[in-house]
Protein chains: 4
Amino acid sequence: MNAIVLNCTLKSSPAVSNTEALARVVTGALESEGVETEFVRIADFDVKPGVTMDEGNGDQWPQIVEKVLGAEILILATPIWLGQISSVAKRVLERFDALLSETDDEGRPVAFNRVAGFVVTGNEDGAHHCIAELAQGVGDIGWTVPPQAFTYWNMGPGPGPDYLDTDHGHEWSETTGKAAASNLLAVARALQATPIPAPPS
Amino acid sequence: MNAIVLNCTLKSSPAVSNTEALARVVTGALESEGVETEFVRIADFDVKPGVTMDEGNGDQWPQIVEKVLGAEILILATPIWLGQISSVAKRVLERFDALLSETDDEGRPVAFNRVAGFVVTGNEDGAHHCIAELAQGVGDIGWTVPPQAFTYWNMGPGPGPDYLDTDHGHEWSETTGKAAASNLLAVARALQATPIPAPPS
Amino acid sequence: MNAIVLNCTLKSSPAVSNTEALARVVTGALESEGVETEFVRIADFDVKPGVTMDEGNGDQWPQIVEKVLGAEILILATPIWLGQISSVAKRVLERFDALLSETDDEGRPVAFNRVAGFVVTGNEDGAHHCIAELAQGVGDIGWTVPPQAFTYWNMGPGPGPDYLDTDHGHEWSETTGKAAASNLLAVARALQATPIPAPPS
Amino acid sequence: MNAIVLNCTLKSSPAVSNTEALARVVTGALESEGVETEFVRIADFDVKPGVTMDEGNGDQWPQIVEKVLGAEILILATPIWLGQISSVAKRVLERFDALLSETDDEGRPVAFNRVAGFVVTGNEDGAHHCIAELAQGVGDIGWTVPPQAFTYWNMGPGPGPDYLDTDHGHEWSETTGKAAASNLLAVARALQATPIPAPPS
């Protein structure tokens, strides 16, 4: 079983990512159950705007999507800006659009029988809405969203510290993240044991 | 296997409900696979505002939630008003909040190992957002959201006809609704065969 | 100049409303500028579902809408449930829908030349999204939304205290609320001095 | 009086932009009232991710923001992807974040006394939600949002033609776009005549 985290921070490596720090709680829990995990920081790649599989001109999305399709578990991790997902996370959803027309040997959208979860951090309010946007986006494409498959951190009201600046609320975010890992893995296993067939067309 | 549709139209019976008409495409497909289906039109009941299991004073939510917990498949069906879910659908999500603290014998939220899908109709644009709001809401509470577990109908731009006023686009909405039924049933069966355990606390 | 607050808490009077408590910061600032203010707690009235001006059968919306149209400044105040506006706030937006077809003597939608602002409180994350939903809803109907015309309070991550349970963050929410009052009043005055004409039809 | 359209299509020039085509209805109406208008297609520029005024390394946002601040009227124009605003539009909102801390000589956020409107086109449903996201984002930063300051086009349900592929619904979108132009101009003039002062701090 493989899990991939697409870290949609605005910052390229090696800048510290609060979003990655919280996502590591989820991947740590998955690893302790034998899942192999990998992080991809999207801002380190040249992901072109567009809605095809390969936008050319050095577009590095194809190598990312290959990793995504190698994983049964997808974790979209995003910071909050203006109460919304990052432009990098939005770019990822947009590029997923091309997967709608990709099917496997049995005619199923390629995202079928995979699960998706979400990690959201901010220095301000907005996590529930980010989760709504991401859940709807990946559900459109073909991922299954397990129950309570997310964790988040922020400390309102108004702008405040970043996740790594304080211990406030870490316990809740970590417990919730471990539950998310458990739920992602459980549904991934259920779909592996009893796969969703191609829908009637 | 049982499915329940909570029809969140603003209109009480016996007024014709466009939302029900489209939802019947989904339930028809489920019935042909042997699933028992039931419709509850929320506007026919006195569902009080609040976030407890029973708000008293003639609150009829308890009898609805009992039906919801008798079904492995939940379908939330809502009209679109101002691009958003109806106040009746919002009331349902709000009342679901109390389910967060209800657990089964194994310590799992009672909504675990159930699936949810969505039917949205409008005389104007807004379906994707309605699906996002509903998916996030039920995911918070414990339902699993299968891939492409929705159908919708509207005909933009601007205000236009209702679903039952025209044949425009019915084919897409019906095909999509039958696919939603297939995906809901497949994931419900997968969770029945391989249930999600209680998350670590 | 008159301002009306529609308090969309789920609780009827005389229960304490955290949302009202924060809204009073905004109305206090308005009053110090000579604005007359009034609160209406929607849960104290029987507001029927529907999208007409009067749904009959004891519908008390008509008396509320009369107050709304007597005020140049509207403040929608809502708690957060599941990261979203309350069902009561959603009901208010829905009932506003009927105002779209009401025009004044010069053919303008009746909400024109009025301003709207927002107050949001929660024991969990979701304020930005609530503001987005409310702003889009009232903008559709004809209110103008001044800059930074909101305040909110919550303390993430996860469920936490209510506004009145703690002093955490009150300073930010109060400063922001006073700025909202200033911006609402400034734009209301600008529209009074230079009214928006009827749009070309 | 100046208006600027930020066209957030995913396509670089000279590809045909449906979003631009509809936005030209709004700018045409503004021009007939003597407003000078300019289009900037964001995808033609290298706008880096980040939340500062200048992200360096060839970041072309500074020249765009200069044009934005030279205009009393801002029009954000976006296509719909997965029911949501484009990643390019999201990038624009994100870069606006830095304007929060920029103030004029009187201590007002630089976006104060400017108005913003929205143009949304899609081959599928999602316009109301795009308008909600954009309105909340620019309102946070300091723009005023006039009533009915938008137009949109799409033709549901499901994927369908683009705006320029059909005449369906153009009349509604054009009438609505001309009304948006009228409302944007009216509120811009009102704020010019009676400017919003700096809020109390």
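A few notes on this one:
- Take each residue of peptide A:183-193, count the partner chain Cβ atoms within 10 Å of its Cβ, and average: the result is 5.
- Taking B:42, B:80, B:64 in turn, the Gaussian network model of chain B (Cα-Cα springs below 10 Å) assigns the largest fluctuation to B:64.
- Sorting D:201, D:86, A:17 from the fewest to the most surrounding beta carbons within 10 angstrom yields D:201, A:17, D:86.
- Comparing Cα centroids, region D:27-99 and region A:121-160 end up 26 angstrom apart.
- Calculated diffusion of region D:1-59, Stokes-Einstein form, Kirkwood radius summed over Cα pairs, 20 °C and 1.002 mPa s, µm²/s: 165
- Qualifying aspartates and glutamates (Cα of each under 13 Å from Cα of residue A:178; at least 8 residues distant if same chain): A:31, A:33
- Inter-label distance, nm, simple model (7 Å from Cα along the C-beta direction), residue B:171/residue D:12: 3.9
- Sum of -39500 (n - 2.57) over DSSP H runs of 4+, divided by residues of the protein assembly as shown (222 nm, nearest 500): -11500 deg cm²/dmol
- Cα-based helix-to-principal-axis angle, A:170-193 vs chain A, degrees rounded to 10: 10
- Cβ charges +1 (Lys, Arg) and -1 (Asp, Glu), total dipole of chain C, debye: 180
- Cα-based shape type of region D:1-110, given that a ≥ b ≥ c are square roots of the gyration tensor eigenvalues and the cut on a/c is 1.5: oblate
- Of all chain A residues, the one whose C-beta is nearest the axis that brings A onto C, in angstrom: A:129, 2
- Three-way shape label, region A:52-91, alpha-carbon gyration tensor, a/c 1.5: oblate
- Label point 7 Å beyond Cα along the C-beta direction, distances from residue A:167 to other copies (nm, shortest first): 2.3, 6.9, 7.1
- Selected from B:171, B:72, B:124 as most flexible by GNM, with chain B as the system and alpha-carbon contacts under 10 Å: B:171
- Residue with peak Gaussian network fluctuation, chain C [Cα springs, cutoff 10 Å], from C:177, C:28, C:160: C:160
- Relative to its Kirkwood radius, the Cα radius of gyration of the protein assembly as shown gives an Rg/Rh of 0.93.
- For q = 0.15, 0.17, 0.19 Å⁻¹, Debye-computed log10 I/I(0) when each Cα of chain D counts as one equal scatterer: -0.88, -1.13, -1.39
- Computed magnitude of the charge dipole of the protein assembly as shown (debye, nearest 20; Cβ of K, R +1, Cβ of D, E -1): 0
- Relative exposure of A:35, C:145, judged by other C-beta atoms within 10 Å (fewest first): A:35, C:145
- For residue A:67, the label point sits 7 Å beyond Cα toward Cβ; its separations from the matching points on the remaining copies run 3.5, 4.8, 5.6 nm, from shortest to longest.
- Dipole of region D:1-76 computed with +1 at Lys/Arg Cβ and -1 at Asp/Glu Cβ about the Cα centre; of D:34, D:53, D:10, farthest Cα towards the positive end is D:10.
- In summary, the lysines within cross-link reach of residue C:48, defined as a Cα separation below 16 angstrom excluding same-chain residues under 8 places away, comprise B:11, B:48, B:90, C:90.
- With respect to chain A, whose longest principal axis is taken over its alpha-carbon atoms, helix A:87-96 is tilted by about 10°.
- DSSP bridge pairs, chain D: antiparallel proportion in percent, nearest 5: 10
- Label-to-label distances for residue B:201 across copies, nearest first, come out at 4.7, 4.9, 6.2 nm, using points 7 Å from Cα in the beta-carbon direction.
- Residues B:165, D:162 in ascending order of nearby Cβ atoms (within 10 Å, fewest first): B:165, D:162.
- Cα Rg, Dmax (largest Cα-Cα span) when computed across region B:88-201, Å: 16.5, 52
Every read-out reported here was derived from the displayed coordinates using simple, explicitly stated rules and does not represent laboratory data. Every value quoted in this text rests on a predicted model; they were computed, and no experiment measured them. Methodologically, a virtual Cβ is constructed for each residue, glycine included, from the backbone with ideal geometry; neighbour enumeration extends over all protein chains shown.
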